[in-house]
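See structure below.
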Amino acid sequence: MKRIVLGVDGSDGSIQAARVAGRLTADLGAELTAVHVRHVAPMALSAAPVAVTSDPEETLGAIEELARKRTAQALDPLGIPWAFQVRAGDPAAELEQAAAEQRADLIVVGSQGHTVVHRLLLGSVSTQLTHHAQRPVMVVPLT
């Protein structure tokens with residue numbers, strides 16, 4: 001395994017996934033790219049860990065900055081090199097596209113712990129990836 005793509009959104013689940021992906025990267029001597037996808041979803045914004053403003057661009061920027069900061073806090077202590085990439089669009093599709101472009105061997109994402117009803121009605125990035133990705137996906141549970 002040489003390349004890993006990690007999906008990050010600043011949530012506790014994505015930070016747990018960052019820790020696991022970081023240790024895996026260190027153990028394997030792989031390359032790690034953390035990918036944050038800017039995506040406007042009303043329910044996601046209502047649960048955003050930042051102040052939601054009337055300016056969607058400002059809110060998305062704050063979420064991006066939080067994701068970058070929390071990912072760095074999880075990965076930097078491991079002493080591994082990693083890159084941060086920002087994309088826009090559907091998170092599952094963009095993570096798969098980033099993985100394809102980088103010829104990644106694995107996509108790592110966190111589980112957000114949504115209820116079964118939430119997943120059935122709205123889906124989840126991890127569910128979409130596990131069903132449609134063209135490469136292995138590791139879903140790290142929130143502990």
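The values are calculated or read from the model by the stated rules, or taken from the named source; none is laboratory data. Keep in mind that this is a model prediction, so the values were computed, not measured. For neighbour counting, all protein chains shown are included, and Cβ atoms are generated from backbone atoms with ideal geometry for every residue, glycine included.
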Taking residue 71 as the residue in question, decide whether it is modelled with pLDDT under 90, surrounded by 16 or more Cβ atoms within 10 Å (Cβ to Cβ), in contact with a strand residue (DSSP E or B) (Cβ under 9 Å, 6 or more places away or on another chain) and not charged (D, E, K, R).
-> no
Out of 134, 112, 128, report the one residue that is modelled with pLDDT of 85 or more, in a loop (DSSP other than H, G, I, E, B), surrounded by fewer than 21 Cβ atoms within 10 Å (Cβ to Cβ) and not small (Gly, Ala, Ser).
-> 134
Within the stretch 8-62, which residues are farther than 21 Å from residue 125 by Cα, in a loop (DSSP other than H, G, I, E, B) and either in contact with a Phe, Trp or Tyr (Cβ under 6 Å, 6 or more places away or on another chain) or modelled with pLDDT of 70 or more (or both)?
-> 29, 30, 55
Within the stretch 69-95, work out how many residues are hydrophobic (A, V, I, L, M, F, W, C) and assigned to a loop (DSSP other than H, G, I, E, B).
-> 1
Could we say that residue 117 is out of contact with any Ser or Thr (no Cβ under 8 Å at 6 or more places or on another chain), under 15 Å from residue 14 (Cα atoms) and modelled with pLDDT under 95 here?
-> no
